[in-house]
Each structure stands twice: as structure tokens, then as C-alpha cells.
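A.B. asks: Before I ask anything, here is the structure I am working with.
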Amino acid sequence: MPAVASGTLPEIRRERMLEAIRNRSFARVADLSVQFGISEVTVRSDLDALERIGSVRRVHGGAIFEGRRVGVERSFEEEAGTAPEEKAAIAEVAAAMVDPGDTILLDVGTTCSAVAAALVSRTELEGVVIITNGLNIALDFEAAMPRITVVVTGGTVRPLQHSLVDPYAGLMLEHLNADLMFLGCNGVDAERGVTNVNLPEAAMKRRMMGSASRTIAVADGSKVGHVSAARVCGVADLAMLITGPSAPRDAVAALEQEGLEVRSAS
């Protein structure tokens, strides 16, 4: 793996560091310092962060890959075959919350892509602005132009999800005030909050949330009660979760006990 510039954002550097540790099973602090062009102090800080989310286990002199809680990221195309009917039902509920003239931040992922399709089918919507970091999702709206305007964040492409992440993806978000964000994720848990399998995407989600008046998570039932590697936010940061009937009842009840409104699409 080529060396990573010392100015790389921490989330991206840690993702690549985790990949290096995964490939070797064990990596030394000194070797990671040379590979990533950063001090050993910074390496230790990164390893501490990865250990806190269960990705690695610190040992004397380095870290060991800890695979128990680290999900394997599936491509958009692979994930699209999972619970398509439930995702479509979730998308219908989400799309019904959008009013003419709204500015919407739309995240990446298959459920958010279903939301895009549901919004396109609402032919009465006019003057809606969609801001997305999903290249494929931006293209989903072509049939609805010009009544729906689409803005792409820009940034660095991640091919698995066709997503745009930092560096540069978040720059325009500092100048936006969206009415609503639809947030995709790999897990929603009452205790651990909203989580995602990918570190750079998790950082982008947090930045997008900061530009929205309220955030609604959209997640099929398999994500409810699940915990992935990278924490996005706590459940208190959400206005609502829209999920499907396959969501475990105990996990839904735990979320509701935390004060989160959970709406099930049937």
C-alpha cells in the first residue's frame, strides 16, 4: 500500500490504517508511522480510536485486527438486492414528508436511492432542491428535472457506494441550510446510536447533518439494533427513524424508550 500524505484527513487515514492492519493481521506502531508519514504519537492516537470502535485490539508495540464487530462493506449493487420491497415502502413514507420548495439533503445508499425514486414519482412536487453526495442518486433525478433541482457536493469518489467524501466534499455544506436530511446507515442502536461501516462516509454524514434543520434516518429492519464500526451520531440527534416491519421489536422498543419516534412502513 502506498504511503499516505500526513495531511490526509484522520477518518480516511484511519480507514487505510485499518486496511493495512487487516491485510497483515498485526502491524507495529513504528511501521505504520513510516508507511503513513506521521509520528508514532499520532499512530497511537489513531489505533486508540480504532480500538474504541472495536476494529483493532492494542497490544505491545502495535495492534491486531479484531474482526468480530467490523462489517464487510458491500457494494451498492450487492446491497440493492436486500429487502427491496421494504426499502420502497420506507421511501414512500419519507417522500411524503417533502413539501414543494423544500431543500433536502439526501445521503448515499440503497434506501436513499429508493427515496430518490419515490420523490421522482411525486409529479406534483415543484421547486424542490436535492443536495446529495451520491453520484448515482443525482442521476436518479434526471427524469424529474427541471421541477427538481439537483446539486452534487463534489469531493473524492468512493466506488463501492458511488459516494463523494472528503477531502472537498464538505466545503459547500458550510454555506447551506437545508430543511431536512434523509440519512442512510448500516446500524441504528439505542445505546450505540447511528453507525456506518465506512469511516469517511460516517464523517460526511455528520457534516451533512450539521447543515440540516432536522434529520430522519431511513433504514430497513436488518439495520435496527445493529452496530457498525463508525459512529455517526446518537439517537437524540435524529428527528425520526423510518424503518420496516422486519425491524426487531425489542430494538424498536429500546429506541422508543430513548425518545426516538420510530415509524414503520408497511
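Values quoted throughout were computed directly from the atomic coordinates according to the rules given, and no laboratory measurement underlies them. Note that the structure is a prediction, hence the values are computed from the model and not measured. So basically every Cβ, Gly included, is an ideal-geometry build from the backbone, and we count neighbours across all protein chains shown.
A.B. asks: Can you list residues from other chains, or at least 5 along the same chain, whose modelled amide H is less than 5 Å from the amide H of ASP107?
C.D. replies: Those lying under 5 Å, H to H, from ASP107 are PHE182, GLY184.
A.B. asks: Would you list VAL152, VAL262 from fewest to most Cβ contacts within 10 Å?
C.D. replies: Details: VAL152 17, VAL262 20.
Neighbour counts put them in this order, fewest first: VAL152, VAL262.
A.B. asks: Could you give the length gained on full extension between ARG249 and VAL129, defined as 0.36 nm per residue of separation minus the Cα-Cα distance, in nm?
C.D. replies: Numbers: separation 120, 0.36 × 120 = 43.20 nm, distance 3.53 nm.
Residue separation times 0.36 nm, minus the Cα-Cα distance, leaves 39.7 nm.
A.B. asks: Take the chain, compute every pairwise Cα distance, and split them into 5 Å bins from 0; I just need the percent in each bin.
C.D. replies: Cα pair-distance distribution for the chain, in percent: 1, 6, 13, 17, 18, 16, 12, 8, 5, 3, 1, 0, 0.
A.B. asks: Just to be sure I understand the model, the point goes 7 Å from the Cα along the line to the Cβ. What's the resulting ARG57 to GLU85 distance in nm?
C.D. replies: Going from the ARG57 label point to the GLU85 one covers 4.2 nm.
A.B. asks: When a footprinting reagent is the concern and you count Cβ atoms within 10 Å, what order do HIS175, HIS162 take, fewest first?
C.D. replies: Ranked by crowding around the Cβ, least crowded first: HIS175, HIS162.
A.B. asks: Suppose R0 equals 25 Å; then what is the FRET efficiency for GLU174 and GLU256 from their Cβ-Cβ distance, rounded to the nearest 0.05? Could you put the intermediate results ahead of the total?
C.D. replies: Working: r = 34 Å, r/R0 = 1.36.
Working from the Cβ atoms, E equals 0.15.
A.B. asks: How long, wide and thick is region 10-65, going by the Cα atoms along their three principal axes, in whole angstroms, largest first?
C.D. replies: The Cα atoms of region 10-65 stretch 24, 22, 19 Å along the principal axes, largest first.
A.B. asks: A further question follows. State, to one decimal in nm, how far the label point of LEU139 lies from the label point of ALA236, with both points 7 Å from Cα in the Cβ direction.
C.D. replies: So the label points at LEU139 and ALA236 sit 4.2 nm apart.
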